[in-house]
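Rule-based calculations on the coordinates, nothing more; no lab input. Everything numeric in this text was worked out from a predicted model, so none of it was measured. Note: ideal-geometry Cβ built from the backbone for every residue, glycine included; neighbour counts use all protein chains shown.
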Amino acid sequence: MSSRFITPRDVYFGEGAIENLKDLKGQKAVVVIGGSSLKKSGAFDRVMGYLTQTKMATKLIEGVEADPSLETVLAGAKVMSEFGPDWIVAVGGGSTIDAAKCMWVFYENPDIKFESLFTPHGFPPLRNKARFAAVSTTSGTGTEVTAASVVTDRVAKIKHPLIDYQITPDVAIVDPELTYSLPPHVVASTGMDALTHAVEAYVARAYNPFSDPPGLMAIQLIFDYLERSYHGDLEGRKNIHYAQTLAGIAFNSAFLGIVHSIAHTFGAYFGVPHGFGNALALANVVQYNAKDPAVEIRYADVARRLGLPGSTNVSLVNSFARAIRELNRSVGIPPSYRAYGVPEDGFKANVSDMAKKALGDICTLFNPREIDHEVMIKLYWIAYEGQDCFF
């Protein structure tokens with residue numbers, strides 16, 4: 001059976017890479033951004049300055065929230081339909097770029113039903129009206145190079161991961177200068193999101209010879225540079241920005257696993273930022289998945305690459321789990337969902353429902369070890385308490 005490896009046609013990287021926006025060719029561009037931080041940092045003015053050089057007419061869609069809702073997506077698609085852009089330029093973190101991707105789908109296919117997008121790789125064709133450029137300003141999701149978008153149904157408390165190669169951007173701009181003003185807590189959250197992408201991709205059911213190299217390089221870079229990036233070191237910021245893109249390239253063909261399934265529901269129910277949600281479950285899931293002998297070998301290989309101690313695969317896996325927890329600690333991430341502030345009464349009341357929704361999350365399909373509702377509940381509890389996984 002064949003597999004598919006895909007990235008944007010053009011990935012521009014390095015300090016000043018944002019300048020490549022001036023080379024876009026078209027008549028109209030809609031620019032999608034989030035909150036005021038982009039304007040305060042000066043990045044927005046730089047984006048608009050380069051787009052002015054293209055001579056394209058521009059229209060702004062702003063105010064995309066964290067964990068964007070379907071309502072935000074539909075409102076943006078309506079603006080696009082009225083303006084008629086042939087370029088969509090999304091500038092921001094994962095939420096902004098994810099929302100813009102979904103707006104793109106509804107702009108080109110206004111009669112489509114949201115539910116029809118839940119089936120992986122079932123999207124209608126795009127690029128009949130517009131192409132897509134993504135400018136990443138945080139170092140976590142890698143969405144500038146992936147076929148993924150996450151949209152939240154706030155009523156049902158479900159984050160819907162949408163996957164189709166149609167929404168892989170045409171142009172990705174990975175300019176580390178755009179991350180130099182990020183606050184430390186954002187660096188921590190997004191950096192651990194990127195690590196989770198790389199680690200899950202390395203053991204996911206669809207891992208392959210093309211996904212392994214960028215995934216392993218991303219893991220190495222994050223362990224080497226995340227703490228430095230957290231403390232404002234610019235070399236650290238640059239390498240973590242590259243690492244998140246490499247991790248995105250890895251999971252774009254290998255896919256993810258149940259760390260993301262767990263984090264999606266914690267985010268939807270309790271507002272836990274996605275990167276923190278991943279960080280607080282990653283070590284436990286590594287221990288859970290490692291009960292599969294083939295997965296244990298791959299985690300042990302990662303530990304050896306990182307120079308972690310251990311003379312057996314079991315000891316190496318345990319070293320890797322400890323290293324993940326230590327990395328969390330070094331960048332100010334608490335040891336558990338309880339310590340993060342998720343209330344116990346709310347957790348108890350919702351854990352069974354969260355586990356059910358996590359089982360239905362598309363990421364669960366690619367986890368290397370099988371799981372059922374009862375075991376998922378147990379994983380939630382040990383993540384909530386910050387315990388090791390022994391089952």
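Values as computed for the structure displayed
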{"item": "Enumeration of residues in segment 264-293 that are in contact (Cβ under 8 Å) with a residue 40 or more places away in the chain and among the aliphatic types (A, V, I, L, M)", "result": "Ala268, Val272, Ala279, Leu280, Ala281, Leu282, Ala283, Val285, Val286"}
{"item": "Which listed residue is among the β-branched types (Val, Ile, Thr), surrounded by fewer than 23 Cβ atoms within 10 Å (Cβ to Cβ) and in contact (Cβ under 8 Å) with a residue 40 or more places away in the chain, from Thr52, Thr7", "result": "Thr7"}
{"item": "Thr96 being surrounded by 15 or more Cβ atoms within 10 Å (Cβ to Cβ) and either within 21 Å of the chain's Cα centre (by Cα) or more than 26 Å from Ser116 (Cβ to Cβ) (or both)", "result": "yes"}
{"item": "Subset of segment 278-327 [under 30 Å from Val342 (Cα atoms) and among the β-branched types (Val, Ile, Thr)]", "result": "Val285, Val286, Val317, Ile324"}
{"item": "Selected residue (criterion: farthest from the chain's Cα centre (by Cα)) from residues of segment 104-126 that are within 24 Å of Asp361 (Cα to Cα) and buried (at least 20 other Cβ atoms within 10 Å of the Cβ)", "result": "Phe106"}
{"item": "Pick from segment 57-68, criterion of a type outside the set (Ser, Thr, Tyr) and surrounded by fewer than 18 Cβ atoms within 10 Å (Cβ to Cβ), ranking: farthest from Thr138 (Cα to Cα)", "result": "Ala57"}
{"item": "Helices (runs of 4 or more DSSP H) contained in segment 332-389 and holding at least 3 residues among the small types (Gly, Ala, Ser), over 22 Å from the mean Cα position of the chain (by Cα) and closer than 30 Å to Gly232 by Cβ", "result": "none"}
{"item": "Considering residues of segment 180-196 that are more than 20 Å from Ala300 (Cβ to Cβ), of a type outside the set (Gly, Ala, Ser) and touching a Leu at 6+ places or on another chain (Cβ under 9 Å) only, the residue surrounded by the most Cβ atoms within 10 Å (Cβ to Cβ)", "result": "Thr190"}
{"item": "Selection within segment 283-321 - in a loop (DSSP other than H, G, I, E, B) and more than 20 Å from Ile371 (Cβ to Cβ)", "result": "Leu306, Gly307, Leu308, Pro309, Gly310, Ser311, Thr312"}
{"item": "Where Glu296 falls short, out of the listed (1) in contact (Cβ under 8 Å) with a residue 12 or more places away in the chain; (2) surrounded by fewer than 21 Cβ atoms within 10 Å (Cβ to Cβ); (3) closer than 25 Å to Arg228 by Cβ; (4) touching a helix residue (DSSP H, G or I) at 6+ places or on another chain (Cβ under 7 Å)", "result": "(3)"}
{"item": "Residue within segment 34-52 that is farther than 30 Å from Asn239 by Cβ and in a helix (DSSP H, G or I) present", "result": "yes"}
